[in-house]
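The values are calculated or read from the model by the stated rules, or taken from the named source; none is laboratory data. What you are looking at is a predicted structure, and each value in this text was computed from that prediction instead of being measured. Neighbour counts are summed over all protein chains in view; Cβ atoms, including those assigned to glycine, are modelled from backbone coordinates with ideal geometry. The protein model used for the area step is the full one, side chains on, heavy atoms only, and it has no ligands, DNA or RNA in it. Shrake-Rupley method; radii C 1.70, N 1.55, O 1.52, S 1.80 Å.
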Amino acid sequence: MSAAEGGVGDAAERTAHRDVASGGPASKGATDRAATSDVGDRLRMMVLNGALPPGSVLSQVAIARQLGVSTTPVREAIRLLEAEGLLITERNRRARVPPLDVQDLDAVYSSRVMLESVAVALTTQRMTSTDHEALADNVARLAEAVENDDLPAWDVVHAEFHRRIVALTSPSQVQLIASLADRAERYRRVSVLSSRPRVWASVNAEHDMIAEAIIARQPAAAAKQLARHLARTALVLTADFAPEADATATRTALQIVGSWQGVQE
């Protein structure tokens, strides 16, 4: 590197530090990213909790006014949610919330079965005893929520459980799984799975088996238990939304995971 090149680099670095300290371009970029992330989180929750129901057409101006922000972070947040599959935009049209569709449901859950089975097998091999204690606490709080007939609490702990059991794989895989889980949540929240305490108790039994396999450090068993859990959810949701349909892709993914021999116990 020449002295001239080094001087330009040093000057650029000094400029960046100065901008951060003074609220200049570098600081503005960080602020813009934070604003987009915040709006994205709020918009995502509006889609997931039904405040923006399937088929809703989004107005950037109306959303910006509702959230108390400019249209710029709204526009960028919409792009983020499009990449996650939570919004769609057709040519020369506004973004909208995609309709609930049984083929999409099957695609989402078959992908989850494959990705999360790999992730839980890796996480099982990497968890520490401290991680096991946190997982056991998750399971106990799920049982407590069922006993108290507290669906909001159960939902929070349920999401935490599923994040925890795949957390020790690669960051990119964690991100993919999180996007698929959000898409799946749209279906689960409007189904029988979100309204019947007896169903939660049945689901909790499956969580118990997954946790037991993880704590016993049995990656193949953990992968297969999780695959069965996700596939059963997909089949229940499919029967709920379209009784005449079949979750063919999910069944195929389950068969593939069930035949795995490469994951060592």
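Output yes when any residue across segment 145-153 is modelled with pLDDT of 95 or more, among the hydrophobic types (A, V, I, L, M, F, W, C) and more than 25 Å from TRP260 (Cβ to Cβ), and no when none is. No, every residue in segment 145-153 fails to be modelled with pLDDT of 95 or more, among the hydrophobic types (A, V, I, L, M, F, W, C) and more than 25 Å from TRP260 (Cβ to Cβ). Just so you know, in segment 21-48 the residues that are basic (Lys, Arg) and surrounded by fewer than 13 Cβ atoms within 10 Å (Cβ to Cβ) include one that is modelled with the highest pLDDT, and it is ARG33. Considering every residue within segment 113-121, establish whether at least one is of a type in the set (S, T, N, Q) and assigned to a helix (DSSP H, G or I). Yes, because at least one residue in segment 113-121 is of a type in the set (S, T, N, Q) and assigned to a helix (DSSP H, G or I). Scanning segment 128-139 for residues that are open to solvent by 60 Å² or more (accessible area, probe 1.4 Å) and closer than 17 Å to ALA205 by Cα returns a single hit, ASP137.
Could you please let me know if GLU90 is of a type outside the set (Ser, Thr, Tyr) and exposed (fewer than 15 other Cβ atoms within 10 Å of the Cβ)?
It is true that GLU90 is of a type outside the set (Ser, Thr, Tyr) and exposed (fewer than 15 other Cβ atoms within 10 Å of the Cβ).
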